[in-house]
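Novice: First the structure, which I've put down as structure tokens, then a few questions once you've had a look.
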Amino acid sequence: MSAVLELVARCVLANCPPSAAAWMILDRPGWPAVACTAASGLHTTAGIEAPGDDTIPGPLACAVAELQRCTRVPIIGAVLSRSSAEMKASAHGLRASTAAAWPGALREHHEYALVPLRCLLRMLLALSPIQTPAGVPVTSSSSGGQRCLRGPEFTSMRRAPATTTVLPSAITRHSSAPLHTAHLTRLGCQSMQACAGGGRLLHLAVLKFLSIHLGQLRLDVLHGFLQHEMEGSAIVPSSRGSASVLLGTYIVQMAASEMPSSFDFHHEWYASTVKSVSSVQLQGDEEDDDFDPYARIVYNYETAFHGFAAKLDEDEAELMAEADGVVAVLPETVLQLHTTRSPDFLGISPEISNSIWSAGLADHDVVVGVLDTGVWPESPSFSDKGLGPVPAKWKGLCQTGRGFTTAHCNRKIIGARIFYNGYEASSGPINETVELKSPRDQDGHGTHTAATAAGSPVPDANLFGYASGVARGMAPRARVAAYKVCWSGGCFSSDILAAVDRAVADGVDVLSISLGGGSSPYYRDSLAIASFGAMQMGVFVACSGGNAGPDPISLTNLSPWITTVGASTMDRDFPATVTLGNGANITGVSLYKGRRNLASQEEQYPLVYMGGNSSIPDPRSLCLEGTLQPHEVGGKIVICDRGISPRVQKGQVVKNAGGVGMILANTAANGEELVADSHLLPAVAVGESQGIAAKKYSKTNAKPTAKLSFDGTKLGIRPSPVVAAFSSRGPNVLTLEILKPDVIAPGVNILAAWSGDASPSSLSTDRRRVGFNILSGTSMSCPHVAGVAALIKASHPDWSPAKIKSALMTTAYVHDNTYRSLKDAATGRASTPFDHGAGHIHPLRALNPGLVYDIGQDDYLEFLCVENLTPMQLRAFTKNSSKACKHTFTSPGDLNYPAISAVFADQPSAAVTVRRTVTNVGPPSSTYHVKVSEFKGADIVVEPSTLHFTSSNQKLTYKVTMTTKAAQKTPEFGAVSWSDGVHIVRSPLVLTWLPPM
């Protein structure tokens with residue numbers, strides 16, 4: 001079967017263009033084929049035949065059995081088609097269906113079977129024992145310093161070099177945050193020679209195949225999951241002592257309690273462990289005495305996480321996993337950044353904010369730690385006027401470096417540190433001629449997020465006159481600690497882990513982390529493990545959910561102890577108008593402010609769209625670098641489609657080619673959502689339907705013309721809030737029973753402080769400098785929640801992170817300012833809890849929620865136990881061997897989460913019962929009555945229906961029984977709400993019926 005898989009991989013690599021999506025189709029037992037969908041939308045199908053005689057194993061019995069054993073969560077991973085004739089239709093149908101309601105729409109295509117990704121990988125392994133050309137399985141060997149193992153015995157995987165690939169379907173969504181050229185990381189593919197008879201190890205090729213397969217389904221989200229599920233699947237032999245063996249950074253978690261008595265300090269034990277697995281020592285090299293294990297260690301971790309990060313080759317990493325005291329070995333990963341009116345929109349007036357931070361709470365100073373690109377200390381948003389002394393509990397410091405001294409810290413910025421060892425270990429030394437090795441922010445993102453969370457009030461803040469007013473953070477009297485973990489090449493997990501570890505030791509109360517990467521299993525996710533340690537120390541952690549919407553299953557940062565935040569709009573906009581030569585007016589948005597004005601009453605400007613009428617993308621229609629010619633666009637307003645390149649950069653391309661203005665048209669990926677940018681030439685962003693109208697006019701009129709006008713700032717926009725189209729969506733790819741995202745918060749067109757070293761467009765060609773900038777992204781919504789969490793912490797200093805999260809979720813609202821259900825900007829229809837979680841945050845209500853759902857570390861551990869973690873995997877969270885599963889949970893849904901997501905997996909569906917415990921944080925004597933939504937598919941019974949509290953902090957338990965009456969093809973959404981006449985404690989309720997296998 002390995003020959004067949006090799007042909008599959010070759011077919012994909014040869015016939016699928018880089019921008020294609022591909023699906024694996026097994027149209028008859030053991031005979032795979034590939035359907036490639038190119039960017040043009042054309043389908044090509046390549047059947048795979050076995051070479052020579054028919055030596056392919058018979059029916060897929062063993063593979064199907066493996067699938068049935070491991071299948072539980074329906075992750076779209078492959079298509080099993082009944083016949084070759086259906087291949088093209090199947091591929092097209094899957095592509096179309098992924099945008100529809102999940103997962104029911106896919107069930108309607110009866111030729112499909114949804115295969116979980118991890119199960120697909122196991123199926124491939126079951127089908128493909130590695131064989132030599134003679135058909136003899138590869139066996140264990142140690143000749144030549146190499147080891148070749150049977151498929152079932154593989155314990156590690158060598159990653160090929162990562163390459164950057166642009167996928168049109170994803171780029172336009174990520175470009176919602178104008179800071180970055182969005183891209184996906186795709187694993188490279190190398191042909192590796194096995195040591196026996198020249199046979200090939202093909203699993204990396206299969207991985208490449210799967211990465212292409214998942215291109216349309218958010219590869220960046222599943223990339224980490226892919227990588228870790230493939231680990232334990234293949235070993236690539238390497239030559240000991242060869243100069244070609246590269247060292248990578250690995251995070252090693254240790255059981256601190258198991259340190260041998262011969263060591264006085266943990267760092268000595270760590271160094272000894274590194275030396276014990278080193279290639280030099282194992283080979284008995286004559287220079288063994290010169291080997292310095294401390295030179296290999298990048299970080300020591302000791303607070304939220306116990307262990308170290310070290311530079312190892314992959315064989316050393318494999319040996320490290322078997323060393324005494326080692327709990328887990330995690331490969332380095334790279335995360336990316338996910339960026340006023342919002343306090344008033346959220347109901348936090350200066351009077352209310354000041355009352356929360358009253359003199360009576362002075363000894364409850366709250367510190368917000370921000371992991372990002374650093375801070376610009378000169379910004380007035382970080383003035384310490386009116387603040388008291390630095391809290392006595394604070395153990396942090398102000399780290400100095402080029403452009404940053406201790407004088408840049410004050411009573412507002414009370415801590416600033418940098419973390420770059422992991423970055424340099426992987427990418428080489430930072431170029432200090434262009435990048436400051438100090439806490440100073442040259443990017444702007446970190447300054448913006450820190451000011452959004454806890455910026456001091458600044459009057460007359462604006463961007464080129466737009467959004468003028470008082471800019472202040474959610475918690476303007478909170479202290480800020482900046483932890484710079486992101487550099488020009490990204491944000492490395494070992495640095496992030498070191499920053500979380502240090503921040504907890506420093507004494508932060510809240511962490512705001514607007515970063516995200518892949519969605520790995522909990523025990524393989526270093527941020528999940530570190531944030532678990534932070535939770536144990538009482539630190540609230542807010543993380544951005546990602547900008548991969550509106551695709552389903554696109555969220556990152558999924559751990560239940562993390563508060564995962566999606567993005568929404570506010571009631572403020574920046575309208576601009578396109579007036580076509582035929583008199584039609586098209587409404588859009590813009591932050592353009594320049595000397596040139598294209599709104600003259602007397603003059604219209606020629607209009608041009610360089611794209612064609614076909615569905616085949618034209619690089620000229622996207623206004624990519626080098627695609628526009630002056631003789632074609634000079635003196636004209638150019639219509640540019642969104643996608644591939646940053647929005648503002650398209651305007652730069654038009655300007656360089658002699659164009660006088662730009663109409664930036666949304667595509668289907670963005671729908672009608674409008675994101676404003678500070679363009680370098682007159683430009684207006686318009687929705688998809690308006691863009692189609694403008695393009696049609698430009699193509700059908702002999703001499704099309706247009707003019708642009710800019711209308712400043714407008715408040716009172718209706719409807720608002722609206723779920724941002726770019727905001728990543730659920731359901732939770734790891735655990736369906738845990739609803740994600742948790743909440744949404746303002747994340748579109750947010751004004752906040754900015755770096756003096758960065759232009760408002762983040763383009764190197766942009767010479768403008770501003771004190772405040774307007775950004776969009778879940779990076780902006782995350783610090784809103786972190787700041788509100790700081791307010792709650794100041795008001796309730798003894799509350800656990802889970803109580804704070806519960807208060808945010810159960811008081812969130814799900815209606816806009818027109819009193820209708822929240823809408824999804826991507827579709828214009830009502831959003832669901834997979835889009836908005838529990839709803840939009842309501843800070844004032846969250847300060848007095850009435851009841852809360854508390855969760856302790858033992859509850860989270862029981863949740864992990866029912867997630868089938870092995871004892872060794874569980875130790876990533878217990879950090880010692882004394883904790884064991886008590887088996888008090890029968891399902892992940894038993895976690896005392898403020899949302900309820902029930903999964904009916906059996907056919908016919910059995911009743912599902914969950915229990916929840918609420919703690920009274922309102923009046924000592926109170927009575928709550930329940931209200932439950934009506935569902936088509938199930939009867940819902942809550943017992944008891946009334947809760948009588950007689951004291952503060954009293955806990956009462958209720959149970960919810962859900963009995964299927966008519967299984968639904970798509971999930972159903974509703975709520976369980978408790979009210980005492982003053983408080984409404986609302987929990988989203990989601991019912992999902994899994995399709996039968």
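The values are calculated or read from the model by the stated rules, or taken from the named source; none is laboratory data. The shown structure was predicted, so the numbers you read here are calculated from the model rather than taken from an experiment. So basically every Cβ, Gly included, is an ideal-geometry build from the backbone, and we count neighbours across all protein chains shown. The accessibility values were calculated without ligands, DNA or RNA, using every heavy atom of the protein model including side chains. Shrake-Rupley method; radii C 1.70, N 1.55, O 1.52, S 1.80 Å.
Novice: What are the residues in the stretch 757-773 that are out of contact with any helix residue (DSSP H, G or I) (no Cβ under 9 Å at 6 or more places or on another chain) and either in a helix (DSSP H, G or I) or open to solvent by 10 Å² or more (accessible area, probe 1.4 Å) (or both), if any?
Specialist: Selection gives Asp757, Ser764, Arg767, Arg768, Arg769, Val770.
Novice: Kindly indicate which of Ile738, Ile717 is surrounded by fewer than 17 Cβ atoms within 10 Å (Cβ to Cβ), among the hydrophobic types (A, V, I, L, M, F, W, C) and in a loop (DSSP other than H, G, I, E, B). I'd like the intermediate steps shown before the answer.
Specialist: Details: Ile738 fails: surrounded by fewer than 17 Cβ atoms within 10 Å (Cβ to Cβ).
On inspection, the qualifying residue turns out to be Ile717.
Novice: Among what's in the stretch 904-923 and is part of a loop (DSSP other than H, G, I, E, B) and out of contact with any Gly (no Cβ under 8 Å at 6 or more places or on another chain), pick the residue that is least open to solvent (accessible area, probe 1.4 Å).
Specialist: Top of the filtered list is Ser909.
Novice: Being in a helix (DSSP H, G or I), open to solvent by less than 10 Å² (accessible area, probe 1.4 Å) and polar (S, T, N, Q) is the filter here, so list the residues in the stretch 774-798 that pass it.
Specialist: Within the stretch 774-798, the subset in a helix (DSSP H, G or I) is 778-795.
Filter once more, so that each one left must be open to solvent by less than 10 Å² (accessible area, probe 1.4 Å): 778-792, 794.
Thr778, Ser779, Ser781, listed by residue number.
Novice: Given the criterion outside the structural domain of Leu558 (by the TED database), closer than 22 Å to Ser831 by Cβ and outside any strand (DSSP E or B), identify the matching residue among Val654, Val748.
Specialist: Going through Val654, Val748 in turn, just one is outside the structural domain of Leu558 (by the TED database), closer than 22 Å to Ser831 by Cβ and outside any strand (DSSP E or B): Val748.
Novice: Return yes or no: is Gly446 in contact with a strand residue (DSSP E or B) (Cβ under 9 Å, 6 or more places away or on another chain) and assigned to a helix (DSSP H, G or I)?
Specialist: yes
Table: residues versus (1) under 24 Å from Asn848 (Cα atoms); (2) at pLDDT 95 or above; (3) not in a strand (DSSP E or B).
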position	(1), (2), (3)
Glu934	no, yes, yes
Ile940	no, yes, no
Thr957	yes, yes, no
Val960	no, yes, no
Gln968	no, no, yes
Ala975	yes, yes, no
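Novice: Do we have any residue at all in the stretch 924-937 that's surrounded by 16 or more Cβ atoms within 10 Å (Cβ to Cβ), among the hydroxyl-bearing types (Ser, Thr, Tyr) and over 33 Å from the mean Cα position of the chain (by Cα)?
Specialist: Yes: one or more hits.
Novice: Here is a list: Thr778, Thr818, Thr765. Which entry is more than 21 Å from Ser559 (Cα to Cα) and out of contact with any Pro (no Cβ under 8 Å at 6 or more places or on another chain)?
Specialist: Being more than 21 Å from Ser559 (Cα to Cα) and out of contact with any Pro (no Cβ under 8 Å at 6 or more places or on another chain) holds for just one of Thr778, Thr818, Thr765, which is Thr765.
Novice: Another question about this same structure. Which of the residues that make up the stretch 837-893 are charged (D, E, K, R), within 18 Å of Ala528 (Cβ to Cβ) and in a helix (DSSP H, G or I)?
Specialist: Asp858, Asp859, Glu862, Arg875
Novice: Here is a further query. Select from the stretch 487-520 the residues that are closer than 21 Å to Val298 by Cα, in a strand (DSSP E or B), open to solvent by less than 10 Å² (accessible area, probe 1.4 Å) and hydrophobic (A, V, I, L, M, F, W, C) and list them in ascending order.
Specialist: Result: Cys491, single match.
Novice: With (1) modelled with pLDDT of 95 or more; (2) over 27 Å from the mean Cα position of the chain (by Cα); (3) not in a strand (DSSP E or B) as the list, and Pro429 as the residue in question, which single condition is left unmet?
Specialist: Every condition holds for Pro429 apart from (1).
Novice: Another question about this same structure. Considering the stretch 457-475 alone, what residues qualify as being open to solvent by less than 10 Å² (accessible area, probe 1.4 Å) and not in a strand (DSSP E or B)?
Specialist: The answer is Gly473, Met474, Ala475.
Novice: For residues in the stretch 823-845 being under 22 Å from Ser689 (Cβ atoms) and out of contact with any strand residue (DSSP E or B) (no Cβ under 6 Å at 6 or more places or on another chain), which is surrounded by the fewest Cβ atoms within 10 Å (Cβ to Cβ)?
Specialist: Residue satisfying both the conditions and the ranking: Arg829.
Novice: A follow-up question, please. Spot the failing condition for Phe877; the list is (1) farther than 28 Å from Gln954 by Cβ; (2) at pLDDT below 95; (3) open to solvent by 10 Å² or more (accessible area, probe 1.4 Å), and only one is missed.
Specialist: Of everything listed in (1) farther than 28 Å from Gln954 by Cβ; (2) at pLDDT below 95; (3) open to solvent by 10 Å² or more (accessible area, probe 1.4 Å), Phe877 misses just condition (3).
Novice: Taking only pairs six or more apart or across chains, which ones have beta-carbon atoms under 6 Å, a first residue in the stretch 804-821 that is in a helix (DSSP H, G or I), and a second residue that is open to solvent by 10 Å² or more (accessible area, probe 1.4 Å)?
Specialist: Final answer for the pair search is Thr810/Arg986.
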